[in-house]
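Inspection log for the structure reproduced underneath, given as structure tokens.
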Amino acid sequence: MKRYILLLIAICAIFSSCDDMMEVHKPFIKGGEKVYALKLDQSSFYAGHNQVYFKYYMANTTNIKSVDLYWDDDSLIIPMPSHGSGMVSIPAPEERSYSFKFRTTDIFGNHSLWNTGFANSYGEYFQKSLLNRSVKSFQLINNNSNGEITWFPPAANLIRTEVRYTDINGQEQLVDVPIGENETLCPGLGVNRFDVRSFFLPEANAMDTFYTDWQHVTPVYKLPTTGWSIKYCNSWHGQPSLTGTANMPHFIFDGDFNTFWHSNYADYTLGTHPLDPEITRDPPPFTTVIDMGEPVEIAKVDIYRRLSNNNTQTVIVYAPAIADDQLSDEDFKWLGNVPVSYTNHSIFKNYFYPGVENENWKELGRVEFPSTSFSTPEENLREVDATSHNIKSRYVKLILPNTRSNGNVSLAEVAIHGR
């Protein structure tokens with residue numbers, strides 16, 4: 001009997017405990033058991049141009065009626081396609097970050113639990129921040145029949161660039177420049193004039209591409225020497241002929257580092273030199289004037305001394321300070337305003353050049369070569385940066401006021417960079 005009483009007490013305790021547990025769940029099952037719709041399997045948000053994008057995927061779409069998207073005070077109810085995936089654009093005219101919440105709804109009216117996401121919208125402010133990829137340098141190659149553009153490193157969000165130009169046959173060409181390309185060949189581009197535009201993504205996974213307007217580019221480049229000539233030169237070995245095969249002044253722009261302009265080193269009988277009866281050889285300063293055929297914006301002048309020779313010391317570069325057509329013969333013959341003296345020189349004896357001011361010429365810069373001789377063009381190169389002078393002219397004057405060996409000078413090449 002005692003056993004039955006204990007069993008009855010245990011059963012009552014169990015039912016009493018169950019009643020207490022149900023008290024906890026009653027608020028959640030009031031009105032019946034809560035049923036939730038299935039959640040999306042995948043969802044992503046992407047940046048766009050005055051809009052953002054919502055991409056979703058669901059493997060089992062049975063009974064799923066819609067994807068419900070909410071942001072700010074707006075919403076979008078997206079019918080669930082049978083294949084379970086889709087992407088929609090969401091208007092976002094204000095350039096900022098947007099927050100979203102979303103869920104699914106089934107045909108019975110049940111909803112899934114909420115999910116959240118965010119995306120950025122880009123517009124006018126971002127567009128105004130974009131700059132075309134910059135041209136570092138430009139050159140004409142293959143007998144001036146092709147152009148080659150060298151680029152500065154790209155911006156972090158640049159994805160590609162386009163180059164548009166009219167080729168030597170009059171046909172418009174469009175060349176695509178991938179982000180990893182630092183040198184671009186432009187077939188048929190025979191001048192340093194072309195258009196550039198660049199394409200950007202505001203974020204790595206953004207859906208909309210931004211691009212700049214076409215920008216006309218006229219880069220500084222190494223000017224072709226076709227049509228160049230020597231306007232004036234006061235000394236070269238082989239005078240007066242200009243048709244010799246050596247030492248001619250026009251050899252400084254023939255593209256060959258093994259040919260050169262050399263001052264006249266022929267000896268005069270003492271007392272017969274037209275400049276000074278006390279000298280027997282042409283004295284410094286030496287000058288030559290290059291005529292490029294048409295005015296150009298002069299940006300840089302490269303000067304290459306003769307290979308394996310140290311006779312050239314100083315080279316001063318000038319350009320006209322007045323209009324080209326106002327230069328006189330005396331201006332072209334001008335020898336500079338740097339005094340030169342050779343006391344007891346073995347050739348020039350007591351020769352002295354006082355120097356003459358000439359306001360019709362502006363000095364662009366000067367270079368000094370060491371007494372050491374070098375065997376390669378790169379070692380013999382000295383540069384004059386003329387960009388700050390804003391000079392546009394067809395003429396460049398070189399004056400060599402001194403030498404390092406018995407009064408002789410020689411130059412291998414001169415290259416002019418400009419527009």
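The values are calculated or read from the model by the stated rules, or taken from the named source; none is laboratory data. The structure displayed is predicted, hence computed values, not measured ones. Heads up, the Cβs are rebuilt from the backbone with ideal geometry, glycines too, and the neighbour counts pull from every protein chain shown. Areas reflect the complete protein model, heavy atoms only, side chains present, ligands, DNA and RNA absent. Shrake-Rupley method; radii C 1.70, N 1.55, O 1.52, S 1.80 Å.
Between K136 and N110, the simple label model (points 7 Å from Cα in the Cβ direction) yields a spacing of 6.3 nm.
Candidates I298, F152, Q42 compared by Cα position along the dipole of the chain: farthest toward the positive end lies Q42, with charges placed on Cβ.
Computed 3J(HN,Hα) for region 206-217, one whole-Hz value per residue from the Karplus formula 6.51 cos²θ - 1.76 cosθ + 1.60 where θ = phi - 60°, is 4, 8, 9, 9, 9, 9, 7, 5, 4, 10, 6, 10, glycine and proline marked x. Annotation: Cα Rg of the chain relative to the compact-globule expectation 2.2 N^0.38 Å equals 1.87. Solvent exposure of the chain, expressed per residue, is 54 Å² of accessible area, with all protein chains present and a 1.4 angstrom probe. Once backbone amide H atoms are built at 1.01 Å from N, V396 has I290, M292 as its partners under 5 Å, excluding neighbours fewer than 5 places away on the same chain.
Computed 3J(HN,Hα) for region 275-288, one whole-Hz value per residue from the Karplus formula 6.51 cos²θ - 1.76 cosθ + 1.60 where θ = phi - 60°, is 8, 7, x, 8, 10, 10, 8, 4, x, x, x, 10, 9, 8, glycine and proline marked x.
Based on DSSP H segments of at least four residues, each scored -39500 (n - 2.57), the chain has a per-residue ellipticity at 222 nm of -2500 deg cm²/dmol. Over region 346-419, Cα pairs under 8 Å with separation of 6+ residues give a relative contact order of 33 percent. Taking amide H as placed 1.01 Å from N in the peptide plane, K136 has its amide H under 5 Å from the amide H of T150, W151, F152, each at least 5 places away in sequence or on another chain. Shape class for region 325-419: oblate, because the ratio a/c of the largest to smallest gyration tensor axis (alpha-carbon atoms, square roots of eigenvalues) is 1.5 or more and b/c is at least a/b.
With 0.36 nm allotted per residue and the present C-alpha distance subtracted, the E33-N50 stretch has 1.8 nm of extension available.
What shape does region 252-378 have by the C-alpha gyration tensor, where a ≥ b ≥ c are the square roots of the eigenvalues, rounded means a/c under 1.5, and otherwise prolate means a/b greater than b/c and oblate the rest? Oblate. Using θ = phi - 60° in the Karplus curve 6.51 cos²θ - 1.76 cosθ + 1.60, the 3J(HN,Hα) couplings for region 361-370 round to 10, 10, 6, 8, x, 9, 10, 10, 9, x Hz; x is entered for Gly and Pro. Springs between Cα atoms under 10 Å define the GNM used for the chain, and in it the highest mean-square fluctuation of T259, T226, T288 occurs at T226.
Per the Kirkwood formula on distinct C-alpha pairs, the Rh of region 165-238 is how many angstrom? When all Cα pairs of region 165-238 are included, the Kirkwood radius is 16.3 Å. In the chain, the longest principal axis of the Cα atoms and the axis of helix 2-25 are about 40 degrees apart. Answer rounded, prolate or oblate for region 136-267, using the Cα gyration tensor with square roots of eigenvalues a ≥ b ≥ c: rounded when a/c is under 1.5, else prolate when a/b is larger than b/c, else oblate. The shape class here is prolate.
For S99 and K222, FRET efficiency with R0 = 56 Å and r from the beta-carbon atoms, rounded to 0.05? Efficiency, from the Cβ-Cβ distance: 0.50.
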